[in-house]
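The block underneath contains the structure these notes are about, expressed in structure tokens.
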Amino acid sequence: MPKVVLERVSKRFGRITALDEIDLTLDDGEYSCILGPTGSGKTTLLKIIAGLVEPDSGDVYIDGKRVTGTPAEKRNAVYMHQNYALFPHLTVSQNISFGLTARGFEEEAARRKASEVLEIVKLGEWANAYPRELSGGMQQRVALARCLATGARLLLLDEPLGALDARLRLEVRGELSRIAEELNLTVIHVTHDQSEALSLADRLILMRNGRIVQTGSPEEVYFKPNSVFSAYFVGESVFLEGIVRRVDGRVVTLELRNGTIIEALSGDGFNRGELAVAAVRCEDIKVGGGPLTARLKEINFLGSFSKLVFELPEGLKITANIPLSRFIEEEFRIGASFQLSIPRERTRLFKQPPMGLAGEIEAV
Amino acid sequence: MPAVEAEKTSRFRGIGRRVISRLDKLSEEKTVAYSLYLASIVFFLGIILLPSLLGILLKLDTAMNVVTNPELLNRSFSAVFSSIIMAGIVSALDVAAGLPLAWIIARKKYRWLNIVDSLVDFPLIVPTVILGYSTLLLWCEETPFSIIGFTGVSPGFITVLLLHFAFSYPVVVRILAGKLMDIEATYEAAARTLGACPFTTARTITIPMLKSGIIASLILSFARSLSETGATIMVAGSFENGPVFIKKSIDAGLVPPMVFVSLVLIVLSILILAGLRLFGFKFRMPFRKAYRIEAALSREGVTRVRDLSAIIIFLFLVLLPACFMVLARMPLMLSYGLLGEIFTLRGAWSTYWISVLNSYVIALLTTLINVVFSLPTAVIITRRKLGGLVSRLLEALSTTSIIMPSVALGVSLSLFWGASGISDFILVLLAHLCITYPYMVATMVSVLEDIPVELEEAGRTLGGTPFKVFRSIVLPIAKYSFLSGVILTFTRSVNETGATLAVSKTFKTVSVLLVEWVKSPDMRVEAGAGTLVLMFLSIILLVIFRYIYTKGGGGLA
Ligand SMILES: Nc1ncnc2c1ncn2[C@@H]1O[C@H](COP(=O)(O)OP(=O)(O)O)[C@@H](O)[C@H]1O
Ligand SMILES: [Mg+2]
């Protein structure tokens, strides 16, 4: 059963460190999502597991067997390329048969198996088409079918939904998790789309600059981000910089740049006078009632919820998300004054990042 | 199909399959891959590079004789200079005039253009020396254009230019057309819908994608112009470039000029070609805007004129010289009733048929061996298997044997192998390997450069061994370019004379025989007939080959 372990895996390309001492353990049958901005080393990590890139140092184990140095075709792990890499000169059926004939299937048997797999992805009648005749969504499904047909139990998907339109993405998302479940596959799915990761993952791995920032269930990462970057990259947050004015047990009082006072709960030891960053989910900010007075600057209607941008004195901006029901009931007028509150039990406090708040979230 | 036959083919298939699966297994082993790389490098160093250079390296000390003799030194430098200038002009003209024709062939709008496509290989079939003789007849001695008042030019710079253009042009068109066919027309369509006129599209999209092909073309035509000896002497008049000077000195019993001039030519051209590769790949077409003139150049009238002039250039400057010798001798041939005699296998004609057989055996072996050894070399070069430095070095050095004047190469080879007592057959084979190896490597490199690495990765991760990935993905995708590499190698081997003559006096290929006939006054008509037959044979062979290749080899999954 495929269980994947990486031990201190590093990879450099010239002066760029693509991966920096990665340690990772993924269980059998688990659906993991690697989430991270472009250039964070996700593809490199996946290719190292697939055997398409050799690490400079460190080891990879699949099923308890050390596979470092084993060529890709012998790993029983199949990598699906970002833009599918369908073979342009082969038909859909031949594309899918490729992995089978490579494994010693006779042509006839391979073709039969290919048509079975094509049924799984619902492309039965396209067996004799060439890739260029298919739409993006169909190409994606062919690429997936081609991987599934190999019978490999470990599926490495590099941004599999990246090239699809939003609607299709949702559809295929459901499909993916159904197939993974049915065939009992271990899947590592790379994405830079947080909602994809949150909805699919049993385990979420957040990467940045060649390092793993946080791993855990989607809920863990969402509710307990361990850094400003986590809070920024997963979910939507408002970040407020300030100076710690008081520490009273777990309650920390923070004075913002414009003099506004907010409170947060924190287990970490903060000291008075220290710089800190508070992070609050946009949907946790209460609009109507509360100590902060703010003016409504902007409304973004997004269907199921709306994004309201408020301005505190001295231009400090706070974004609050409110559900549709509320948006219909009440009148929100641009320019009007509102009272806001930031619930302290939902506010997470982080040490000031070394490069400042901007450095932490703009470098992305 | 009768049962016995069916059984036979299925047994045949079974064996084929077993061989393939053995190769698959083997290719999985890293040690096998690296042994293959090692073997190809050893082949390159031991069979191609060292023997080509050794004659020069052994006599290196004599080069001083040239340096200390101001007159020889002067002549040497002016010869080198002429060579480089000529090669530069020829390769530039080749690409400028070859690109439009390659385009016509690759994006065929009309069926009749298939004829042009087949005719392009035609001049490659003609032995170069025959082409030289033909050029001389056409432009100087028996020019048919006297009807329109053109009385011919005297042999010199112009005739050499015409000759070099004629023999290198087909190579360039082949490479570029192969490339263009491998580039999907979708990119062009995309650019067109984005509002770019055809000319702008070509400049900003297609030609940049074609870059590796253009560079390969420049390199091959440059090198070929530098090294050709036999035919050049025939049309040179008082013009003297490197090879002509070397040949004259050798005939006068002087070896030092060969050493010195070859050395300078090799060093200079390696530098020039390395520079071309380096800057050529870095060079980007300015992208900024679509110029107004481009729209004008894209108008139908203009493109028609362009296409027409490309075809006219090909017909008059390339195709006509290639067959003029045969045409000019045709009336005599007919009146002697020679054509009937050819198949009688009597007298001179039995020698002829043996030499044809010799040529084809040598060409076949040369092509096979070169495919086997130049592929791993091309993989090392393009995929940086042994690091960037090895790739660069290998690529730069791989052209050495075609930069060298072919006489010098021949002399060098016979010095290297001469003492070993190997048969003339092997000697000729070795010489042909040296001469065609760079063609094969250059085309393979440009093939591999254009295959997206991701397709190979996909093949590997799906469980394909390196050999399976190569045979069912890389090869079919690049089949046109691969085919042109094979054709180039094969035809070049058939029409080679200079080096063949230099390494063996007894083993006669058909080109060598035809050259002898051309030079002896009472065999000139036979020479015409022989050339004609050779052309026919080669055309038939090419057509069969192409048919098998496009029908069979391509689609194997
Ligand atoms: N073959 C390569 N050569 C040079 N640099 C590379 C190569 N592959 C990746 N990189 C670099 O390594 C870093 C990580 O790349 P990648 O793994 O593709 O990130 P991601 O998939 O997260 O976008 C990037 O800075 C990228 O430029
Ligand atoms: Mg990536």
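Sorted fewest first by neighbouring Cβ atoms within 10 angstrom, A:346, A:132 come out as A:132, A:346.
All other residues whose Cβ lies under 14 angstrom from that of residue B:121 are scored, Lys and Arg at +1 and Asp and Glu at -1, for a net of +2. Partner lysines whose Cα lies under 22 Å from the Cα of residue B:505, excluding those fewer than 8 positions away in the same chain, are identified as B:247, B:248, B:519. For region B:23-551, averaging the sequence separation of C-alpha pairs within contact (under 8 Å, six or more residues apart) and dividing by the residue count gives a relative contact order of 26 percent. Against chain A, whose longest principal axis comes from its Cα atoms, helix A:92-102 is set at around 70 degrees.
For a straight C-alpha distance cut-off of 16 angstrom, the lysines reachable from residue B:282 (same-chain residues fewer than eight places away being disregarded) are B:211. Once you keep just the Cα pairs under 8 angstrom separated by 6 or more residues, what percentage relative contact order results for region A:112-224? With pairs under 8 Å counted, the relative contact order is 18 percent. If only the Cβ of Lys and Arg carry +1 and only the Cβ of Asp and Glu carry -1, the dipole of region A:191-254 around its Cα centre is close to 380 debye. Projecting the Cα atoms of B:133, B:113, B:70 onto the charge dipole of chain B, computed from C-beta unit charges around the Cα centre, puts B:113 farthest toward the positive end. Among the GluC sites (Glu not before Pro) in region A:166-252, those located in a DSSP loop and surrounded by at most 15 other Cβ atoms within 10 Å of their own Cβ are A:236. Put in line by how crowded their Cβ is, counting other Cβ atoms within 10 Å and starting with the fewest, A:61, B:547, A:31 read B:547, A:61, A:31. Summing charges over neighbours of residue B:239, with a neighbour being any other residue whose Cβ is under 15 Å away from its Cβ, gives +1 when K and R count +1 and D and E count -1.
With the charge dipole of region B:23-551 set up from +1 on Lys and Arg Cβ and -1 on Asp and Glu Cβ about the Cα centre, the Cα lying farthest toward the positive end among the listed residues B:442, B:99, B:409 is that of B:99. Listed cross-link partners A:317/A:351; A:122/B:479; A:3/A:42; B:30/B:468; A:42/B:468 are compared with a 24 Å cut-off, the Cα-Cα value being larger for A:122/B:479; A:42/B:468. DSSP finds beta bridges in the protein assembly as shown, and of those with both partners inside it, around 75 percent are antiparallel. Take the Cβ atoms of residue A:301 and residue A:16, set R0 to 35 Å, and the FRET efficiency comes out at 0.25. Within chain B, the selection of entire DSSP H helices by a Cα span of 27 Å or greater along the long axis and an average Kyte-Doolittle value of at least -0.5 returns B:70-106, B:157-182, B:256-282, B:348-383, B:424-449, B:524-548.
Among A:70, A:293, B:497, the order by Cβ neighbours within 10 angstrom, fewest to most, reads A:293, A:70, B:497. If you take the Cα centroid of region B:29-106 and the Cα centroid of region A:129-166, the two points sit 47 Å apart. Each Lys and Arg contributes +1 and each Asp and Glu -1, all at the Cβ; summed about the Cα centre of region A:236-362, the dipole is approximately 180 debye.
Along the axis of the charge dipole computed for the protein assembly as shown (Cβ charges of +1 for Lys and Arg, -1 for Asp and Glu, origin at the Cα centre), the listed residues A:55, B:32, A:304 are led at the positive end by B:32. Expressed as an acute angle from 0 to 90° and rounded to the nearest 10, what is the orientation of the C-alpha long axis of helix A:136-149 relative to the principal long axis of chain A? Tilt of helix A:136-149: around 60 degrees. Considering only beta bridges that DSSP places wholly inside region A:4-228, some 50 percent are antiparallel.
Based on DSSP H runs of at least 4 residues, each adding -39500 (n - 2.57), what is the mean residue ellipticity at 222 nm of chain A after dividing by all its residues, to the nearest 500 deg cm²/dmol? Only helices count here, giving -7500 deg cm²/dmol. Charging the Cβ of each Asp and Glu at -1 and of each Lys and Arg at +1, and nothing else, the dipole of region B:264-416 about its Cα centre rounds to 920 debye.
For chain A, the longest principal axis of the alpha carbon atoms and the long axis of helix A:107-120 meet at an angle near 30°.
Each value in this text was obtained by applying a stated rule to the coordinates, not by laboratory testing. Predicted, not measured: the structure shown is a model, and the values here were computed from it. Positions of Cβ are backbone-derived with ideal geometry, glycine not excepted, and every protein chain shown enters the neighbour counts.
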